[in-house]
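Working notes for the structure below.
The values are calculated or read from the model by the stated rules, or taken from the named source; none is laboratory data. Quick caveat, the model's predicted, so the values are computed rather than measured. Every residue, glycine among them, receives a Cβ derived from its backbone with ideal geometry; neighbour counts consider all protein chains shown.
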Amino acid sequence: MAGYSPASMVSSNLPQSTVIFYDRSFVKNLKAETPFVRCTTRRELPENSGNQLRLYMYTALGPNIANTAEGTVGSGITVSVVANTLTIGQLADYVNLSDLSMVTAIDPALENIQKELAYRLGQSLSIIVRNATDALNATDAKVGAGSLAPTTPFGKSSITTAVSSLGGVNAKPFDRGRFVGVIHPFPVGDALNDTTNNSLTDVLKHTVEGQGKLEELPAPDGDEVQVLTWAGVTFYQSTLVTQTSNYQTSGKTALRTYFYGEDGIISVSLGKREGTMVGDGDWRNLSLWLMKADGPSTSDPSRVIGGFTSYNCKYTAGPPPDTTARVRYVDAVSNIS
């Protein structure tokens, strides 16, 4: 045979060449965004003040166009006050690691697990707000009145209708003059895929600024969905929205898009020194405890526990004391899967 002969030894002859190298940089797992708390009005329940926060509201007075008789004092009117009580609850979890596992793990396991716990809490806070929002349709049918037929995907008109409906009951936007919402990525895609006359894409393409929005990914980090900053509402993107299977007996799943006015949902946390600072509910910003053991203790005399990470959060969310809801949602079946 011409040329060089094959190697006399290959990897199967060298067991040391087939060992595994373990990459310390773990692959990021897939996480949903947790923006629902950002759509609420924050209130604080002071420490040592019980476990319930009672909200009060004056009922609005109607007009009086009857002339007052000259020289007649007349009778005073009564202004009614209504109330609603939110009872705070406690959310707590922890993970502790043996000292052996901490010193043999190839990654900073305690710190990495802390992030996973933060995500767990972020999801919990968002779902508490979401569930409180979903329940409002039972007391005010206007909340979900804009939901669509299974054959109609979410689009620009749904946004305009929901915001107009909120304006029709005198719901106010937040401080920066905008309503806020939470939307699943699929309805975002449905709105962008609609190229019919006067659709969102059709409108945006006529300006340089609009074309720039169309070129960008719609909030891959879950922050504001710039392309859907429309009709006075700013959206945050999340997959944690309510999903309704067999929607209207269609055999398809509907995704819920949320719209919030000021005080639509009020979230309550306990005191300034809460075990986990909730902030805006973004799991990346949640402050969890992390402690590494520095010596034996009465509960662990041999110090076999190397450390722990945990959260202890006192939180609740609910509506204001008003029969007129300041939120809206739209159920729609997406063309995207």
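Restricting attention to segment 140-159, and to residues there that are among the polar types (S, T, N, Q) and farther than 30 Å from Thr59 by Cβ, which single residue is surrounded by the fewest Cβ atoms within 10 Å (Cβ to Cβ)? Among those that are among the polar types (S, T, N, Q) and farther than 30 Å from Thr59 by Cβ, it is Thr151. Residues that are surrounded by fewer than 19 Cβ atoms within 10 Å (Cβ to Cβ) and either aliphatic (A, V, I, L, M) or under 26 Å from Arg120 (Cα atoms) (or both) within segment 306-336 comprise Phe308, Ser310, Asn312, Ile336, listed in sequence order.
Looking only at residues that are surrounded by fewer than 18 Cβ atoms within 10 Å (Cβ to Cβ), of a type in the set (Asp, Glu) and not in a helix (DSSP H, G or I) in segment 191-223, which one is modelled with the highest pLDDT? The qualifying residue modelled with the highest pLDDT is Asp223.
For (1) modelled with pLDDT of 90 or more; (2) in contact with a Gly (Cβ under 8 Å, 6 or more places away or on another chain); (3) of a type in the set (A, V, I, L, M), each residue gets a yes or a no:
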residue: Ser238; (1), (2), (3): yes, yes, no
residue: Ser245; (1), (2), (3): yes, no, no
residue: Gln248; (1), (2), (3): yes, no, no
residue: Lys252; (1), (2), (3): yes, no, no
residue: Phe259; (1), (2), (3): yes, yes, no
residue: Glu262; (1), (2), (3): yes, no, no
residue: Leu270; (1), (2), (3): no, no, yes
residue: Leu286; (1), (2), (3): no, yes, yes
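The residues listed here are Val73, Val95, Val129, Val143; of these, the one that is more than 30 Å from Leu255 (Cβ to Cβ) and either among the small types (Gly, Ala, Ser) or touching a residue at least 24 places away in the same chain (Cβ under 8 Å) (or both) is Val95. Filtered by the rule that a residue be in a loop (DSSP other than H, G, I, E, B) and modelled with pLDDT under 95, segment 80-104 gives a lone residue, Ile88. List every residue pair whose Cβ atoms lie under 7 Å apart, where the two residues are 6 or more positions apart in sequence or sit on different chains, the first residue falls within segment 301-328 and is under 16 Å from Lys142 (Cα atoms), and the second residue, located anywhere, is surrounded by fewer than 18 Cβ atoms within 10 Å (Cβ to Cβ) and of a type in the set (Lys, Arg). Taking only residues 6 or more apart or on different chains, the pairs are Ala325/Lys142. If you check Glu47, Glu70 for being among the acidic types (Asp, Glu) and at pLDDT below 90, only one passes: Glu47. Any residue in segment 3-25 that is charged (D, E, K, R) and either closer than 27 Å to Leu270 by Cβ or outside any loop (DSSP other than H, G, I, E, B) (or both)? No, the conditions are met nowhere in segment 3-25. If you scan segment 99-115, which residues turn out to be out of contact with any Lys or Arg (no Cβ under 9 Å at 6 or more places or on another chain) and either among the hydrophobic types (A, V, I, L, M, F, W, C) or in contact (Cβ under 8 Å) with a residue 40 or more places away in the chain (or both)? Selection gives Leu100, Ser101, Val103, Ala105, Ala109, Glu111, Asn112, Ile113, Gln114.
Checked across segment 69-77, the condition of being surrounded by 10 or more Cβ atoms within 10 Å (Cβ to Cβ), at negative phi, of a type in the set (Asp, Glu) and out of contact with any Pro (no Cβ under 9 Å at 6 or more places or on another chain) holds for no residue.
Looking across segment 125-147, the residues that are closer than 13 Å to Arg328 by Cα and either among the small types (Gly, Ala, Ser) or assigned to a loop (DSSP other than H, G, I, E, B) (or both) come down to Ala132, Ala135, Ala138, Thr139, Asp140, Ala141, Lys142, Val143, Gly144, Ala145, Gly146, Ser147. When segment 107-130 is filtered for residues that are touching a Cys at 6+ places or on another chain (Cβ under 8 Å) and among the β-branched types (Val, Ile, Thr), only Val129 remains.
Take the conditions outside any helix (DSSP H, G or I) and touching a Gly at 6+ places or on another chain (Cβ under 7 Å) and apply them to Glu70. Does it pass? Considered against the rule, which asks whether it is outside any helix (DSSP H, G or I) and touching a Gly at 6+ places or on another chain (Cβ under 7 Å), Glu70 comes out as no. Here segment 272-284 is the region considered, the condition is being in contact with a Leu (Cβ under 9 Å, 6 or more places away or on another chain) and at pLDDT below 85, and the residue that is surrounded by the most Cβ atoms within 10 Å (Cβ to Cβ) is Gly281. Of all residues in segment 166-190, those satisfying the criterion of being buried (at least 17 other Cβ atoms within 10 Å of the Cβ) and either assigned to a helix (DSSP H, G or I) or of a type in the set (Ser, Thr, Tyr) (or both) are Leu166, Pro185, Phe186, Pro187, Val188, Asp190.
Yes or no, residue by residue, for (1) exposed (fewer than 12 other Cβ atoms within 10 Å of the Cβ); (2) over 24 Å from Met291 (Cβ atoms):
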| residue | (1), (2) |
| --- | --- |
| Asp23 | yes, yes |
| Val27 | yes, yes |
| Glu33 | no, yes |
| Arg43 | no, yes |
| Pro46 | yes, yes |
| Arg54 | yes, yes |
| Thr85 | yes, yes |
| Ser98 | no, no |
| Ala105 | no, no |
